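The structure under discussion appears below in the form of structure tokens.
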Amino acid sequence: MMAKYIWINPVAIKMYGEKVHEVEDRLIENGYEIVSCDSQMDYVRNQYIEYGMTVNETILDCRCPETITLLKNNNLLDGYKVPDIEPILVRTSRVLYENHVKNEDDLLIITTPCSQLRDFAEERLKGNKGIKFLTWKEFIENEGMKSLGKIDASPIPLGFFKNSFDKVLELSEEKRILSDFKLLKEN
């Protein structure tokens with residue numbers, strides 16, 4: 001018998017706030033088992049710390065694939081290390097997959113906050129049968145559900161490396177990232 005599992009991204013949970021139980025009840029009615037695992041934030045942070053001990057160059061945060069693509073497309077990656085460390089969402093997906101997908105008919109749906117993380121995660125786990133990535137918007141539309149709002153905060157908030165490294169430059173928004181990286185390159 002096919003099992004349907006779903007992991008609700010924390011960004012979506014924040015969007016619903018106190019009404020998240022309404023969404024969870026609807027998903028259970030639709031035959032989903034809502035799954036979770038221990039936070040993978042420390043695992044990913046430790047990957048960066050360990051990597052940082054092996055290099056002397058500046059390390060870029062790869063948790064947002066779109067940022068790395070932006071810098072690459074603007075020829076701003078020279079002089080920086082881009083580690084092959086998976087975003088928290090991808091690491092979480094791997095753990096959930098190992099814990100829940102046991103039969104070839106099982107399905108694990110991972111909801112993502114954006115299409116860039118969806119596409120990145122799909123590419124990273126493309127050999128795994130029984131896992132599907134959808135933005136939360138795609139998922140609720142497929143299920144005939146309505147969104148109760150929208151969140152304006154970044155799905156990858158600043159502050160992740162605050163106490164992990166001696167020097168941390170935190171940037172957000174495309175214009176600021178590009179302008180600050182161009183200034184760094186000039187100096």
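The values are calculated or read from the model by the stated rules, or taken from the named source; none is laboratory data. Small disclaimer: the values here were computed from a predicted structure and weren't measured. As a convention, Cβ positions derive from the backbone with ideal geometry for all residues, glycine included, and neighbour counts pool all protein chains shown. All accessible areas refer to the heavy atoms of the entire protein, side chains included, with ligands and DNA or RNA removed. Shrake-Rupley method; radii C 1.70, N 1.55, O 1.52, S 1.80 Å.
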Residue 105 paired with residue 25, simple spin-label distance in nm, labels 7 Å along Cα-to-beta-carbon: 3.0 nm
Alpha-carbon centroid distance for the pair the stretch 155-185 / the stretch 5-76, whole angstrom: 17 Å
Signed unit charges on C-beta, dipole axis of the chain, positive-most listed residue 12, 100, 23: 12
The chain, accessible surface, carbon-and-sulfur percent (1.4 angstrom probe): 46 percent
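Roll a 1.4 Å probe over the protein chains and send me the accessible area per residue for the chain in Å².
Accessible area per residue, the chain: 63 Å².
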Cα-centre dipole for the stretch 1-121 with unit charges at Cβ (Lys and Arg positive, Asp and Glu negative), debye to 20: 260 debye
Alpha-carbon spread of the chain, three principal axes, descending order, Å: 59, 34, 30
Residue 82-residue 46 pseudo-label distance in nm [points 7 Å out on the Cα-to-Cβ vector]: 2.7 nm
Model label zone, residue 38; criterion: amide N under 14 Å from point 7 Å along Cα-to-beta-carbon; scope the stretch 59-95: 92, 95
